[in-house]
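The values are calculated or read from the model by the stated rules, or taken from the named source; none is laboratory data. Only a predicted model underlies this, so the values are computations on that prediction, with no experimental measurement involved. Cβ coordinates were reconstructed from backbone atoms using ideal geometry, including for glycine residues, and neighbour counts include every protein chain displayed. Please note that ligands, DNA and RNA were not included when accessible areas were found on the heavy atoms of the full protein model with its side chains. Shrake-Rupley method; radii C 1.70, N 1.55, O 1.52, S 1.80 Å.
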There are 2 protein chains.
Amino acid sequence: MKPLPLSKAFTLLEPGPVVLVTTRSAQGCNVMTISWTMVMDFTPRFTLTTGPWNHSYAALKKSKECVIAIPTVDQIDQVVGIGTCTGADTDKFKQFGLTPLEGQIVKAPLIKECLANIECKVVDIVSKHNIVVLEGVAAYLDTTRKEKRTLHAVGDGTFIVDGERINRKRLMRSKLPPGV
Amino acid sequence: MKPLPLSKAFTLLEPGPVVLVTTRSAQGCNVMTISWTMVMDFTPRFTLTTGPWNHSYAALKKSKECVIAIPTVDQIDQVVGIGTCTGADTDKFKQFGLTPLEGQIVKAPLIKECLANIECKVVDIVSKHNIVVLEGVAAYLDTTRKEKRTLHAVGDGTFIVDGERINRKRLMRSKLPPGV
């Protein structure tokens, strides 16, 4: 896991991959699968939609920290498995063979097997809409990984895998933030 | 454009495609390119991050209505073009050869050339975070269209095209809402 400049961290979430969100509490580490995320700015700030129906929510709310980890297509069965059981009765790191790594700033663990990780602080919770506002404080990318294709949850039990990449950098130049 | 059951509308946005958002004001129709969206529930409720820096914001705020249209890979240069000019001085429907269609509920236009359209009402604006909360009130899918691959903006001037689709419906059954 090499550090990734924070100015580029939003590019991990903007294309809409399904992510794993880790938390740490007195009970240990937990992880949930989340597809409802949004980039809010380039600092970078993100939102998740989550609430008391997710077991991780209590730890997220209390610790005010989490890590957003980005899995790839070869991890699809871990992504689905994590999303269909609960940390209330399962040690998901053990169950799904995930290796927790210590971050630099937050206590929630990075996931060694993922393509990228973003350490995040909770900066606000908009309770009315179940929106958790996060600020990324450190980011990492596994530059040695061959499989880089992320997954996009459709919501009907199917997942779309990243296909070809099209370059429009020249035309987009006026809209790109510094450092990207 | 065939009607799509509202219970399935969230599946258009959950995989994170770049979208076009149309509005209507006394000055006419406008459209902007947005990648910062999030699904919030299955009713369906969505958020956009936008604010006064987008010309469409005034119309969105005043009319409390918009349409989210989903373009596909063959429309990439319209998507980029729409995102790099402003409705303040450009009739973007004319400039980019888009055909406005009347919706059933809101006054903002559907875009005929897009794969899908969702008519939306603004239900709240969380000003502190520039979050616009939308409720989808009608949805449409062009079932005759051959090109169905959507675009995912990375944010660095590149776009990832939908690749293969993987089916995990059986394993996900416990998590899928009714009607999907």
The condition of being farther than 25 Å from residue A:166 by Cβ and either surrounded by fewer than 18 Cβ atoms within 10 Å (Cβ to Cβ) or at pLDDT 95 or above (or both) holds, among B:164, B:113, B:147, B:119, only for B:119
Within segment B:61-74, restricting to residues that are in contact (Cβ under 8 Å) with a residue 60 or more places away in the chain and within 22 Å of residue B:14 (Cα to Cα), the one that is farthest from the other protein chains (Cβ to nearest Cβ) is B:66
Restricted to segment B:147-180 and to residues being free of Cβ contacts under 8 Å to residues at least 60 places away in the same chain and touching a Phe, Trp or Tyr at 6+ places or on another chain (Cβ under 9 Å), the residue farthest from residue B:82 (Cα to Cα) is B:168
In segment B:100-110, residues that are open to solvent by less than 50 Å² (accessible area, probe 1.4 Å) and assigned to a loop (DSSP other than H, G, I, E, B) total 4
Checked segment A:79-131 for anything of a type in the set (Lys, Arg) and away from chain B (no Cβ under 14 Å); matches are A:92, A:94, A:107, A:112, A:121
Among the residues of segment A:132-175, the number that are of a type outside the set (Lys, Arg), outside any strand (DSSP E or B) and within 11 Å of chain B (Cβ to nearest Cβ) is 8
The residue that is farthest from the other protein chains (Cβ to nearest Cβ), considering only those in segment A:32-59 that are part of a strand (DSSP E or B) and in contact (Cβ under 8 Å) with a residue 40 or more places away in the chain, is A:32
